[in-house]
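Here is the structure we will look at, set down as C-alpha cells.
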Amino acid sequence: MSADVSANNMTITGNPLPKIQKKEIPLWLVAFTILLPTSFAMLATSATNVAIPYIAGFFGSTVDEANWVITTYMIANAILIPMTGWLENYMGRVLFLKVFISIFTVGSLVCAMAHSLNMLVLGRLIQGIGGGPMMPISQAILIAAFPYNKRGQAMALFGFAVMVFSILGPTFGGFIVDNSAWQWIYLVNIPIGIFSVVLVHCNIEELKNRVKPDKVDFVGFSFLVLWLLSMQIVLDKGQQYNWFDCTWVCWLAGISLFSFIFFIVWELEYHSPIVNLRICKDKNFFIGTILGSSVNMIIYVTIVLLPSFLQSLMGYNAMLSGMSLAPRVFSCIIMLLIIGPMVEFLDNRILIATGFFFLGLSTIMYANLNLGISFSYVVLPNILMGIGVILVFIPVSGLVLGTLPKSELSNGAGLHSLCKCVMTAFVVSMSSTLVARLSQVHQTYLVENMSNFNLIFQQRLHAMSGHFMQFASNYAVHKGGGLLYKQLLAQSKLMAYVDVFEIFALIAFILIPFGFLLKVPKKKD
C-alpha cells in the first residue's frame, strides 16, 4: 500500500492527520475529585462514635449491642484496605473508584433508612466496604499525579481530607444528634457520593500500564478476613467479657494469631499475592509505617478518651464533648496552609521530630486534667496537638511511599493504611481497658483512706452527713458515706485517664529521634 493512503497518520491526499490532544486535567481538580469522597468516608468513621448512646436508645438496645455499628465498619474497612492495589489493577482505576464510591453511598442510604439495629449494622458493613479503599487510593493517586516539587502540597491536601475530617467527626456527629436525628449523619453522604461518581468519570484518568492479575489469591484473602474479623471481635468485646478469662475470647485470639502468621507466610511465598508484603524491605516504607501508625495511635486515643472524660466525669453532652476537639481542627487547617512550603524547603526529618515533640507536649498537658477544669482548659493542648499532627503526618505520608516504584504505590498505600487501621483499633481498645483496670487499681489504694482511723475522712464524713440531718442520723451518715464513695470513684477514674495520657506522651517523646532514620530522596523537577 502506498504511503499516501496510510491509515495511521496520512490522509488520501498525502497530508498528515492532526493529532488529537487530550485535554490535561488540572491538578487541583484531580485532588478535589479524589479527596471529596475520601473526606466524607473519614467523617463517617468518627462521627458515629458520639451517636452510639442515641442509636442504642432509638432501637431499644444496650450500648454494647450498638457498638457493633462501629465494629462492623472497622472490620469491613480493615479487610478492603490492603486489597486496594490488587483491586485497582484488576478492575481499572476509574471503574474501581466508581464501584466503591457507589457502594459507600448505598451503605449510607441503608443506614439512614434502617428500621432495626441489624439493618443498621448491615448498612455500616456495606458502607465500610465502600469507604475502606478510599484513603489509600487517594494517597496513591496524589503521589503519582503531583510532581516531586509539589508533593508537599499534595500531602497537605491529603492531610486535610484525612486528619481534619477525622477530627471534625465527633463535633459534626455531636451537633447532628443534639439538634436533629442521628440519621442525618448518613444522609449527607448520599448527594456527595452521587456527585463524586460524576466527578470521577470526568476527571480521573485510567491507570497506565496496569498489569491485571491472572489469578485470585483466595487463600490469602480468606486468612486476611479470618485474621481481621477475629481480631476485631476480640478487641471490641474483650473488656466486656474480661479478656482471657473467657474461653471463646481465648479461642478467637488464637485463631487470629494463627491466621495472621499464616497470612504473612503465604503472601511472601505465593507468586501472585493479594498484598505484596515484600515492599516492607523498603526502609522508608517500613519506618514510615511505624511512625504513621504511632501518630494515629496518639490521635485516636485523645479523640476517644477526651470526649469520654468530659461526658462521664464532667457531665458534658455529645455536642459539647465533640466541640472540645474543635480547636484541633483550626490549628490543623492553619498548619495545612503553610506545611507545603515547609516540606519543600526544610528537612522533613526535622519536621517529624518537631511534630512528635508537640504531640508529646500536648498529651502530657492532658495529664493535668482535674474535675474542676473549665471548657477553655482543653483549648491549648488541642491547638498543640493539631500542630504536631500535621508536622508529622504530612512529611511521613510523602516519604513512606516516596521511594516505592509507581507500580507499587497503591499496594504500599493500602498496606500502610492497614497497619494504621489495625494499630488504631488495638490502641483504642487497649486505652479503654487501661482506663477501666487502672481505675480499679486507684480505687483499691484510695479506699484504704476511708477508715474510721483516718481523722480527715471522719471530718469529711461528718461534714457530708450534716447536709442530710433533716433525715434520721443513721440515714444521714449512710448518705454522706455514699457521696464520699462516689467522689472516690470519680477520682479513681480521673487518675486512670491521667495515667493513660502520660503513657502516650512518653511514647511520643521516645519517637522523636526515629524520624531521622528515614531517607529523604534528592529533589528533582
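The values are calculated or read from the model by the stated rules, or taken from the named source; none is laboratory data. Being a predicted model, the structure only gives us computed values, none of them experimental. Every residue, glycine among them, receives a Cβ derived from its backbone with ideal geometry; neighbour counts consider all protein chains shown.
Figures for the structure shown
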item: Residue pairs meeting the criteria (Cβ under 6 Å; at least 6 apart or on separate chains; first surrounded by fewer than 24 Cβ atoms within 10 Å (Cβ to Cβ), in region 392-403; second at pLDDT 75 or above and assigned to a helix (DSSP H, G or I)); result: THR403/ASN284
item: Pairs with Cβ under 6 Å, 6+ apart, first in region 51-78 and assigned by TED's automatic domain parsing to the domain that holds ILE176, second among the basic types (Lys, Arg) and assigned to a helix (DSSP H, G or I); result: VAL69/ARG124; THR72/ARG124; TYR73/ARG124
item: Residue list for region 55-76, restricted to those being aromatic (Phe, Trp, Tyr) and either over 22 Å from the mean Cα position of the chain (by Cα) or not in a helix (DSSP H, G or I) (or both); result: PHE58, PHE59
item: Listing of helices (runs of 4 or more DSSP H) fully contained in region 164-271 that carry 3 or more residues being touching a residue at least 40 places away in the same chain (Cβ under 8 Å) and over 29 Å from SER308 (Cβ atoms); result: 189-203, 218-237, 247-269
item: Verdict on ILE279 being of a type in the set (Val, Ile, Thr), in contact with a helix residue (DSSP H, G or I) (Cβ under 6 Å, 6 or more places away or on another chain) and either at negative phi or in the same structural domain as ILE510 (by TED's automatic domain parsing) (or both); result: yes
item: Counted residues, region 108-135 - those being more than 23 Å from VAL164 (Cα to Cα), crowded, with 18+ Cβ neighbours inside 10 Å and of a type outside the set (A, V, I, L, M); result: 2
item: Residue within region 346-353 that is closer than 19 Å to LYS150 by Cα, β-branched (Val, Ile, Thr) and surrounded by 23 or more Cβ atoms within 10 Å (Cβ to Cβ) present; result: yes
item: Filter result for LEU404 (outside any helix (DSSP H, G or I), under 30 Å from ILE129 (Cβ atoms) and over 18 Å from the mean Cα position of the chain (by Cα)); result: yes
item: Residues being polar (S, T, N, Q) and surrounded by 16 or more Cβ atoms within 10 Å (Cβ to Cβ) - total across region 482-518; result: 2
item: Criterion (assigned to a helix (DSSP H, G or I), outside the structural domain of ASN348 (by TED's automatic domain parsing) and over 27 Å from LEU518 (Cβ atoms)) met by exactly one of VAL447, VAL378; result: VAL447
